[in-house]
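Here is the structure we will look at.
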Amino acid sequence: MTAPATLYRRATAADISAMSAIRLAVTENVLSDPSRVTLAMYDDYLDRAGRGWVAELDGTIAAFCYAARDGSIWALFVQPGCEGRGLAKHLLGLATDWLFAQGHERIRLTTGAGTRADRFYAAQGWRRGERAGERDLEYLLERPCAGGLSAATPGRAA
């Protein structure tokens, strides 16, 4: 049996329903109020408020990531059942490379304390910052000292 073909690319408006479905399907960092994240917000982050990328497995969107122009990661989610394939790591690399290329010296995000995401960001070299509310943690990533862009995942395309 062959491994599914993986494609990483910029997100488009046609991907919004699939990204929203993934966001609503996750079992950790669940939205307490799903109406707070609208389809219009996904559209805004395609280019106006940031940039988004998707990972496709055999033509089906399995993960997505959005970087916000303010120097933060707005979203990074993987379809349940597709975890552990490196999709999130690769998408996060695309997003952080883009943000550093935009001139940000530090990137931030928040995630739930004690979750798989909490452990994931720590394992990727992010530094814990302050608590962000009752249940969330802030994470920070500094611009690499030499060369500007990270080299964690070779062959990336924006």
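The values are calculated or read from the model by the stated rules, or taken from the named source; none is laboratory data. Just so it is clear, the model here is predicted, and its values are computed rather than measured. We place every Cβ from the backbone using ideal geometry, glycine too, and count neighbours over all the protein chains shown. Please note that ligands, DNA and RNA were not included when accessible areas were found on the heavy atoms of the full protein model with its side chains. Shrake-Rupley method; radii C 1.70, N 1.55, O 1.52, S 1.80 Å.
Here is how the numbers come out for the structure above:
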quantity	calculated
Candidate set: the stretch 25-56, residues that are β-branched (Val, Ile, Thr) and over 19 Å from LEU99 (Cα atoms); chosen: the one surrounded by the most Cβ atoms within 10 Å (Cβ to Cβ)	VAL26
Test: residue in the stretch 81-88 that is buried (at least 20 other Cβ atoms within 10 Å of the Cβ) and touching a helix residue (DSSP H, G or I) at 6+ places or on another chain (Cβ under 7 Å)	yes
Criterion violated by ASP44 - all others in (1) more than 12 Å from the chain's Cα centre (by Cα); (2) more than 18 Å from ASP15 (Cα to Cα) satisfied	(2)
Where a residue in the stretch 1-24 is aromatic (Phe, Trp, Tyr) and its partner, wherever it lies, is outside any helix (DSSP H, G or I) and open to solvent by less than 60 Å² (accessible area, probe 1.4 Å), with Cβ under 7 Å and at least six apart	TYR8/TRP53; TYR8/ALA55
Condition met for ALA101 (more than 16 Å from the chain's Cα centre (by Cα) and more than 23 Å from VAL37 (Cβ to Cβ))	yes
Count of residues meeting criterion [open to solvent by 70 Å² or more (accessible area, probe 1.4 Å), at pLDDT 95 or above and part of a loop (DSSP other than H, G, I, E, B)] in the stretch 98-138	2
